[in-house]
């Protein structure tokens, strides 16, 4: 076997721009095991998954990713063995992957297998799960709520721990790298990055807490408004700061910030909790008169509060946790406990659990639990606490596969095991109950069903039932929509 041809940066094998890409090569010759090099240049900004694998023991492929200067390590990927990894590859940027042979090196031929895949770019739909990364430069993962796997990534999305969505299709995110609040429209185009707290830095605002009225306004807080207390800005989806509220704690023990915040859907009350540790009550603030109100409920002893979410029926969900012991309580607007949901067998070792309302508000909510290997999504029916969905794919933290080393990784793309969970939503377009002919149905005169050339761009209400005469239902593949959905 001849010496490999790609044994330097200058001779690196070009992966190209067509995906999926796969190849293999023998990296040993006459008892010598060679370091080999690959390179890739961005052709259109893409998020890509790379997998360089040798064997489990005899030939371990240890890779490092370099920027175009062939010296700077890209995104911290250095001396990592046999694991898939995902990175953004911006248009025109060149990156090099150096693969060093390690292990017992008692195998010949020693074969390196190489696989590169492009992330899916499926259209985002109502009910998809949004998971930002807590590591800078990594994208937002849009996760399918059926499979638990990403269907799309949004590049250049801010990293951080706090964000939320609205029913009008907007997403707001506190950028932990600075003091800005980033707002995206339903197509994930950046609307504006709002400097809501001029003069404040990332230490005060970068992990500022975020809530919304779930319709058309966000609430974005700072740990310190300049007086040693916590205050909050009300911001519309265009990025205009409409009002400032506070102080929320009046110089009290929780003035370092708070862990959960959300507004009533009519923008009259802000619900929030203290960040100072355990035993914190759920507080209320009058958004009409700009003053604190009495607490909604007292603390749940020994538990920390995390997220608060207000439902369209006026009730409030609060998540509590103590290690792996996680509770969600549903309260009435008067503070009465309506339901308690207990999660068993979850692991919160990677970061605190998180909460969001389902797109079917007020029918369900989602809990997000992260150990150091999996991202666990659980959808819970609010009325009876039954688990509607339970998904546990392997996570990708900082772009690196968190599962065990194997020649057959379970998933080539994944979401970060940190940060909030946000459920994507859009305004409902169906207002009348009845029988609807599906979008992809052609008229019978055109030969029946042809999903690739739909005759309609939206479902059509069949009005032929408004008669007492016998009526044949055209194209009997239909969807029944309950009124108001």
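For residue 93, indicate whether it is touching a residue at least 12 places away in the same chain (Cβ under 8 Å) and surrounded by 19 or more Cβ atoms within 10 Å (Cβ to Cβ). No.
Residues are listed down the side, and each one gets a yes or a no for (1) modelled with pLDDT of 90 or more; (2) surrounded by 15 or more Cβ atoms within 10 Å (Cβ to Cβ); (3) within 26 Å of the chain's Cα centre (by Cα):
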| position | (1), (2), (3) |
| --- | --- |
| 219 | yes, yes, yes |
| 224 | no, yes, no |
| 234 | yes, yes, yes |
| 240 | yes, no, yes |
| 246 | no, yes, no |
| 257 | no, yes, yes |
| 287 | yes, yes, no |
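The set of residues in the range 364-407 being closer than 22 Å to residue 138 by Cβ, touching a residue at least 40 places away in the same chain (Cβ under 8 Å) and not in a loop (DSSP other than H, G, I, E, B) consists of 366, 368, 369, 370, 374, 375, 377, 391, 396, 397, 400, 401. Taken over the range 12-30, the residue count meeting the criterion of being in a loop (DSSP other than H, G, I, E, B) and either within 39 Å of the chain's Cα centre (by Cα) or within 15 Å of residue 100 (Cα to Cα) (or both) is 8. Residue count for the range 161-216, restricted to those that are at pLDDT 95 or above, part of a loop (DSSP other than H, G, I, E, B) and in contact with a strand residue (DSSP E or B) (Cβ under 8 Å, 6 or more places away or on another chain): 7. Taken together, 9, 63, 52 contain a single residue that is within 28 Å of the chain's Cα centre (by Cα) and in contact (Cβ under 8 Å) with a residue 60 or more places away in the chain, which is 52. All but one of (1) surrounded by fewer than 22 Cβ atoms within 10 Å (Cβ to Cβ); (2) within 22 Å of residue 28 (Cβ to Cβ); (3) modelled with pLDDT of 95 or more hold for residue 127, so report the exception by its number. The one condition residue 127 does not meet is (2).
In the condition set (1) under 30 Å from residue 363 (Cβ atoms); (2) in the same structural domain as residue 418 (by TED's automatic domain parsing), residue 124 is compliant with all but (2).
The values are calculated or read from the model by the stated rules, or taken from the named source; none is laboratory data. Fair warning: this is a prediction, and the values are worked out from it, not measured in the lab. Cβ: placed from backbone, ideal geometry, glycine included. Neighbour counts: every protein chain shown.
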